[in-house]
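A.B. asks: First the structure, which I've put down as structure tokens, then a few questions once you've had a look.
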Amino acid sequence: MGLCKCPRRNMTNQFCYEHRVNVCENCMVDNHKKCVVQSYLQWLQDSDYSPRCPYCSQDLTDQACVRLVCYHVFHWACLDKYSRSLPSDTAPGGYSCITCGDCIFPPDNLVSPVADELRRTLSDVNWARAGLGMKLLENDSEIRPQIGPRPTPEGECLQIRSSPMESNLTHYPHHALSSSSTASLLRSTSPSTVIRVTNDPDDNKYKRRSPLEAMNRWLRSFFPYARRRSWGRNKYLIYFFLFLFGVMGIIVLFSVISGDRNSMDNPMFDPLNNPEIRIGEH
């Protein structure tokens, strides 16, 4: 279970594979319409994913998409084409997800933002209205592929380029400029600015930790919060003593090793040089 980053702060076990954040069903409908979302435990087992439609193998961002109650995403045109290819007498349970085999139609007693959005989308075609128990439309046509806009999820950066020259070209179309001069003027304008949509402290939550940071977190686990503030002011002193003890340990280790070598080369420790020891042949 994790906490969603939206203002609702809902608890959820669903995880966006692309942005690596916990998402609730409201965020799936509003901000992650074309993202691959599955359970967090499944992401821990296998974090690989394919941002392509399972039916046509094209990028999900190319067309408008629809998310089923199993959270698998398809192009709306591909799902409509696949469902129309089935026989007309197919039972509602026969309309199943290509990926997992679950029924496309949400149960009647299921109340969720994903199910509501799916019912709203399926109500535009007759094959789905029949499966949902709705009245058929008089005019029913196949869904054509359409490029749909992709909303910006919570915490994603927007890149906005400010170019005064572009506004001048818009307001004064009678001024003719060559392509080379236009390119040079555009390069001389102010650089692009990156605007953070939300100040999220958990952006680097899943990055690889350094050994020093791991040791720091391990040491902090032994101190309560009241002592942690005073310990934070003296952490550099503690690091210094740890470094000093490490250097002293290395010096002692090398001295012991060198002492053993000297004792092996010392003739005083050779029993054959001791006059009190006589070795005879029997």
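A.B. asks: Give me the number: length gained by fully extending residue 1 to residue 141, i.e. 0.36 nm times residue separation minus the C-alpha to C-alpha distance, one decimal in nm.
C.D. replies: The residue 1-residue 141 span can extend by a further 46.2 nm.
A.B. asks: At residue 85 and residue 110, where each label point lies 7 Å from the Cα along Cα→Cβ, what is the point-to-point distance in nanometres?
C.D. replies: 2.3 nm
A.B. asks: May I ask you to compute the full-extension gain from residue 98 to residue 10, defined as 0.36 nm times their residue separation minus their alpha-carbon distance, rounded to one decimal in nm?
C.D. replies: Full-extension gain reported as 28.7 nm.
A.B. asks: Let me ask another. Based on the mean of other Cβ atoms within 10 Å per residue, sort peptides 19-31, 77-89 so the most packed one is first. Working shown, then result.
C.D. replies: Values: 19-31: 20.8, 77-89: 15.0.
The densest-packed peptide leads the list: 19-31, 77-89.
A.B. asks: For residue 120 and residue 62, what is the calculated FRET efficiency with R₀ set at 22 Å and r taken between the beta-carbons, to the nearest 0.05? Can you show the working numbers first?
C.D. replies: Numbers: r = 22 Å, r/R0 = 1.00.
Calculated value: 0.50.
A.B. asks: Please tell me the relative contact order of the stretch 2-132 in percent, rounded to the nearest whole number, where contacts are Cα pairs under 8 Å and at least six residues apart. Could you put the intermediate results ahead of the total?
C.D. replies: Working: 174 pairs, mean separation 23.8, N = 131.
Contact order relative to length: 18 percent.
A.B. asks: To continue, here is another question. Using a 7 Å offset from the Cα along the Cα-to-Cβ direction at both residue 18 and residue 44, what is the distance between the two label points in nm, to one decimal?
C.D. replies: My value for the distance between the label points is 2.5 nm.
A.B. asks: Could I have the simple spin-label model distance between residue 279 and residue 243, label points 7 Å from Cα toward Cβ, reported in nm to one decimal?
C.D. replies: The two pseudo-label positions are separated by 5.3 nm.
A.B. asks: Taking other Cβ within 10 Å of each residue's Cβ, how do 121, 90 sort, fewest first?
C.D. replies: 90, 121
A.B. asks: Give the long-range amide H neighbours of residue 21: residues separated by 5 or more places, or on another chain, with amide H under 5 Å away, using H modelled in the peptide plane at 1.01 Å from N.
C.D. replies: Long-range HN contacts for residue 21: 16.
Taken together, the values in this text are just the output of simple stated rules run on the coordinates, not laboratory data. Since the structure is predicted, the reported quantities are computational estimates derived from the model, not experimental observations. Reconstructed Cβ throughout: ideal geometry from the backbone, glycine too, with neighbour counts over all protein chains shown.
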